[in-house]
1. Taking a threshold of 22 Å on the Cα-Cα distance, which of the pairs LYS69/LYS184; LYS69/LYS107; LYS43/LYS107 fall above it?
2. Quickly estimate the mean residue ellipticity at 222 nm for the chain, helices only: each DSSP H run with n ≥ 4 gives -39500 (n - 2.57), and the total goes over all residues, rounded to 500.
3. Between VAL61 and residues 5 or more places away or on another chain, which pairs have amide H atoms under 5 Å apart, with H built 1.01 Å from N, and which residues are they?
4. Hey, can you rank 166-173, 51-58 by average C-beta count inside 10 Å, highest first?
5. Taking the mean number of other Cβ atoms within 10 Å as a proxy for protection, how do you rank 108-116, 60-68 from highest to lowest?
6. Among 148-161, 19-32, how do they line up by average Cβ neighbours within 10 Å per residue, starting with the highest?
7. Looking at (1) 19.3, 68; (2) 18.8, 59; (3) 21.1, 79, which value of Rg and Dmax of the Cα atoms in Å comes from a calculation on the structure shown?
Amino acid sequence: MTALETLEKYWGHKSFRPMQQEIVAAALEGSDVLAILPTGGGKSVCFQVPAMMRDGLALVVTPLIALMKDQVQNLEARGIRAIAVHAGMNRREVDTALNNAAYGGFKFLYLSPERLSTSLFRSYLDVLHISMIVVDEAHCISQWGYDFRPDYLEIGRLRERVDAPLMALTATATPRVAEDIIEKLARPASAGKAPFVQLRSGFERPNLSYIVRRCEDKTGQLLN
């Protein structure tokens, strides 16, 4: 099944949005990818399509519990098995979820970044059969960004144990932040893999327009 056929089968779309197809193609080639797309640009499809075409489980690291739950529900509604592990779960719940992810035929495991360093998660690494690592809100790994989260640094250490391609996604990355993301998420130097592919979509919104008006009486303009 091709990427386009997978998109149509599970998402009902007959074509990709701008830049999605290039990102999916790079992922299917086994490259590490940094994808910079605007909010609402369809970032989820960029990793969900190649994950469905690979054997194994896609590990999705995201800091947003509400988004995590929403994506799991959306995938399950499409007949795709997905599960989430986040900070609001106790150890027993996490153990059950990870066991299900490892042995229950799931395609997606959504994980909050603070869970990466736990001994319980690491004890499952050898049986999770991770097909790709996905890093959502990837700017959180950069100390040059406005939303740095130290837990994201664990992803670099994870790559020392998991030999799987990675896709980093963000809507917020200056060139300096993008360079920092790639540096921190690159595979170990000894891996001998291809370098990161960076793909950036345009942020122009043709349905939005901006008007600048100069006026002396700003209060009057607002009231009128």
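1. On the way: LYS69/LYS184 27 Å; LYS69/LYS107 15 Å; LYS43/LYS107 17 Å.
Listed pairs above 22 Å: LYS69/LYS184.
2. Details: 9 runs with 82 residues, N = 224.
After summing the helix terms and dividing by residue count, I get -10500 deg cm²/dmol.
3. Close amide H contacts, sequence-distant or interchain: LEU111, VAL134, VAL135, ASP136.
4. Working: 166-173: 23.0, 51-58: 18.2.
Final packing ranking: 166-173, 51-58.
5. Numbers: 108-116: 21.2, 60-68: 18.1.
The most tightly packed comes first, giving 108-116, 60-68.
6. Details: 148-161: 16.3, 19-32: 19.6.
The packing order, highest mean first, is 19-32, 148-161.
7. Entry (1).
Readers should treat all values here as calculations from the given coordinates under stated rules, not as data from a laboratory. These figures come from a predicted structure and were not determined experimentally. Reconstructed Cβ throughout: ideal geometry from the backbone, glycine too, with neighbour counts over all protein chains shown.
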